[in-house]
1. Would you mind stating whether residue 41 is in contact with a helix residue (DSSP H, G or I) (Cβ under 6 Å, 6 or more places away or on another chain) and open to solvent by 70 Å² or more (accessible area, probe 1.4 Å)?
2. Residue 53 - would you say it is in a helix (DSSP H, G or I) and open to solvent by less than 50 Å² (accessible area, probe 1.4 Å)?
3. I'd like the full set of residues that are touching a residue at least 12 places away in the same chain (Cβ under 8 Å) and either over 30 Å from residue 98 (Cβ atoms) or not small (Gly, Ala, Ser) (or both), limited to the stretch 1-43.
4. Has the stretch 12-19 got any residue that is part of a helix (DSSP H, G or I) and either modelled with pLDDT of 90 or more or open to solvent by 80 Å² or more (accessible area, probe 1.4 Å) (or both)?
Amino acid sequence: MPHIHDIVHALFQPAQVNGPWLLDILVRDSLFTLKEAAVGFSIGAIVGFAIAVALSQSRFLERGFIPYVVASQTVPLLAIAPMVVVGLGTKGVKDWVAVAILAAYLTFFPVTING
């Protein structure tokens, strides 16, 4: 591993010849990831809360849907992610929206169960 001063120094150097600083690239990409996560969390929280309210008001819906809600979380994300990204990509959906949907998928379960 390089020393910390070498790492900090590299942040203020171009990532490529005559390119932007590495720090600029990292900040831009971090903000992009933050956007994906925030949108996904918001969608997942809203959908999860709506499902939680519906399930709390109807015993019939709860008995019918809880097994599917729980089963949805047993499928590994690595199995779902390529299908979601490719499937939505063929429909013209931007990649970041597909990633946000995956983040929503991860968020709705805890909200639904704890709601």
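1. Criteria met by residue 41.
2. It is false that residue 53 is in a helix (DSSP H, G or I) and open to solvent by less than 50 Å² (accessible area, probe 1.4 Å).
3. 10, 11, 22, 23, 26, 32, 35, 36, 39, 41, 43
4. no
Quick grid of which residues meet (1) open to solvent by 50 Å² or more (accessible area, probe 1.4 Å); (2) assigned to a helix (DSSP H, G or I); (3) touching a strand residue (DSSP E or B) at 6+ places or on another chain (Cβ under 7 Å):
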residue: 47; (1), (2), (3): yes, yes, no
residue: 61; (1), (2), (3): yes, yes, no
residue: 65; (1), (2), (3): yes, yes, no
residue: 80; (1), (2), (3): no, yes, no
residue: 83; (1), (2), (3): yes, yes, no
residue: 88; (1), (2), (3): no, yes, no
residue: 93; (1), (2), (3): no, no, no
residue: 103; (1), (2), (3): no, yes, no
residue: 107; (1), (2), (3): no, yes, no
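The values are calculated or read from the model by the stated rules, or taken from the named source; none is laboratory data. Not measured: the values here are computed from a predicted model. Heads up, the Cβs are rebuilt from the backbone with ideal geometry, glycines too, and the neighbour counts pull from every protein chain shown. Ligands, DNA and RNA are excluded from the accessible area calculation, which covers all protein heavy atoms including side chains. Shrake-Rupley method; radii C 1.70, N 1.55, O 1.52, S 1.80 Å.
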